[in-house]
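The values are calculated or read from the model by the stated rules, or taken from the named source; none is laboratory data. Only a predicted model underlies this, so the values are computations on that prediction, with no experimental measurement involved. Glycine also receives a Cβ, built like all others from the backbone with ideal geometry; neighbour counts cover every protein chain displayed.
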Amino acid sequence: MIKKIRHFINFLLAKDEDIELEQRILIIAAFAGVGLASLGTIVNSIIAVGIIAKLLPLLALGLISFLYYKTRFGKNNGLYSVITYFVSIVLVFIISIFNGGVESGNIVTLILVMVIGTIILPSKFKLSGLLLFLLLIFLLFYIDYFYPHNITHFSNRQSKYLDIFIATLYSSFSLYYLIYYLYKNYYNEHNLLKIKEENLKTLNKQLSDSISTKEKFYSIIAHDLRNPINNFHLTTNLLLEEYDVVSDEEKKEFITMIRDSSKDLQEMLEILLSLVKINQGILPITIRNINLSKLLINNIDFLKLQAINKDIELVNNYSGDLDVQVDKSYLDIILRNLLSNSLKFTNPRGKIVIDVDENYIDENITGKNITGKNITDKSITGEFLKVTIEDSGIGIPENIKAQIFHFDKLITSVGINKEAGNGLGLLLCKEFVEKMGGKIWFESEENKGTKFFFTLRKEEKI
């Protein structure tokens, strides 16, 4: 029963509805006005001297009830609040004339109506409402002092003090509730504003960082694209100008240089396009069970000639037969980028070794896997294997380790044979590994080599 009553009151006050604070205050003020007018009607019917003083509160009750209805369920709340305020304060003034004058509790009621009006009236009517209140107070004292015979006074002291006591009591309660409600809502709105301000600061910082990152990214891309394009242009221009002079052997060297520049340019553009598609969410991912051993062999064969030309030993230590849940094109790109990176930074007669840990368990894996499960769940730890690509190359300098895998910290580097490197390939590997539910990291020591690790999800056993 209590729950139903509370629900009904919440409905009357529109407590559970998403409305503006100004309208909510107007609804509560109008609702409180209905209660006060009802109380005034009862009190005046008992205490009031004349019949007019007994009937006028009924008129005020009707007007305020109409205001409440229009405020709660209507639209043009401002107009109704103005009409009701001005009519109500005039009615209270008239009631005062017929019910004790300045000696009654109607002075307190006038003050209460003025305060409520200050809250609910539209801004452009607030001053008019105050001026009307002051005018009526002045008229009441003026009439009571100069024309006391026009005032219907109380017949006894008990009625007068009872009227003042009741008016003071309900006015004090009403003012307390209104002030408390306004303070509570101000406090809530203030806290909400602070939260929004903090969120706005965070968003502004993120936006600023994003703009800064993109500007740096574009700067790096422009710089790194310029080198192969310039080489391409200079080489073709030189070949064209000197074509009849240079030997066939020199022409082959020029063509080789053009081929290398175009290859660098193609690889960079492909990586850039993939990164753009990832950020736009338009790069599709198709997860299926793929035999890891066959995939490793195919990618090693793809780069074997490059390894032979550089006199680098490419070793595959994995002889297992496990399937992994991956996007084949994603994993091909990851393997080729990491292997190409190792070839780029490994000296002749060096070695690159691929190994796989089928029983890898990492309690610190975070994020979500391809099935949407949280990877930190105990139920799925151990469902991953770890791929290791280790080289005996020049390693990663200590001062740039923190910049690996960071979009806003790309750094240009140069391979053993002056090949350009900018970290975009590693960034792409990170994006693809994480898209498939794994993680990627590295260990490196300068002049001793580098190990890249990444995890893949094993085939789900039924």
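Does T152 satisfy the condition of being within 13 Å of S96 (Cβ to Cβ), among the polar types (S, T, N, Q) and out of contact with any Cys (no Cβ under 8 Å at 6 or more places or on another chain)? Let's see the steps before the verdict.
Working: within 13 Å of S96 (Cβ to Cβ): yes; among the polar types (S, T, N, Q): yes; out of contact with any Cys (no Cβ under 8 Å at 6 or more places or on another chain): yes.
The answer is yes for T152.
Taking the residues in segment 319-347 that are under 18 Å from E270 (Cα atoms) and of a type in the set (A, V, I, L, M) as candidates, determine which candidate is surrounded by the fewest Cβ atoms within 10 Å (Cβ to Cβ).
Taking the candidates together, the pick is I333.
Can you work out which of the residues in segment 306-341 that are in a helix (DSSP H, G or I) and among the β-branched types (V, I, T) is modelled with the lowest pLDDT?
Looking at residues that are in a helix (DSSP H, G or I) and among the β-branched types (V, I, T), I get I333.
Within segment 384-404, which residues are more than 33 Å from the chain's Cα centre (by Cα) and outside any strand (DSSP E or B)?
Scanning segment 384-404 gives S392, G393, I394, G395, I396, P397, E398, N399.
The conditions are (1) surrounded by fewer than 17 Cβ atoms within 10 Å (Cβ to Cβ); (2) in contact with a helix residue (DSSP H, G or I) (Cβ under 9 Å, 6 or more places away or on another chain); (3) more than 18 Å from F93 (Cβ to Cβ), and I166 fails exactly one of them. Which is it?
(1)
Report, by residue number, each residue of segment 112-151 that is at pLDDT below 90 and either under 23 Å from T168 (Cβ atoms) or not assigned by TED's automatic domain parsing to the domain that holds A29 (or both).
L112, V113, M114, V115, I116, G117, T118, I119, I120, I151
When both residues are 6+ apart or on different chains and their Cβ atoms are under 9 Å apart, which pairs have a first residue that lies in segment 115-143 and is under 21 Å from Y68 (Cβ atoms), and a second that is hydroxyl-bearing (S, T, Y) and surrounded by fewer than 18 Cβ atoms within 10 Å (Cβ to Cβ)?
Between residues of segment 115-143 that are under 21 Å from Y68 (Cβ atoms) and residues that are hydroxyl-bearing (S, T, Y) and surrounded by fewer than 18 Cβ atoms within 10 Å (Cβ to Cβ), the close pairs are L121/S128; K126/T118; G129/T118.
Filter segment 53-101 down to the residues that are in a loop (DSSP other than H, G, I, E, B) and either modelled with pLDDT under 80 or touching a Leu at 6+ places or on another chain (Cβ under 7 Å) (or both) and list them by number.
Matches in segment 53-101: G74, K75, N76.
Can you tell me which condition L178 does not meet? The list is (1) at pLDDT below 80; (2) over 30 Å from I28 (Cα atoms); (3) surrounded by 11 or more Cβ atoms within 10 Å (Cβ to Cβ), and all the others hold.
(2)
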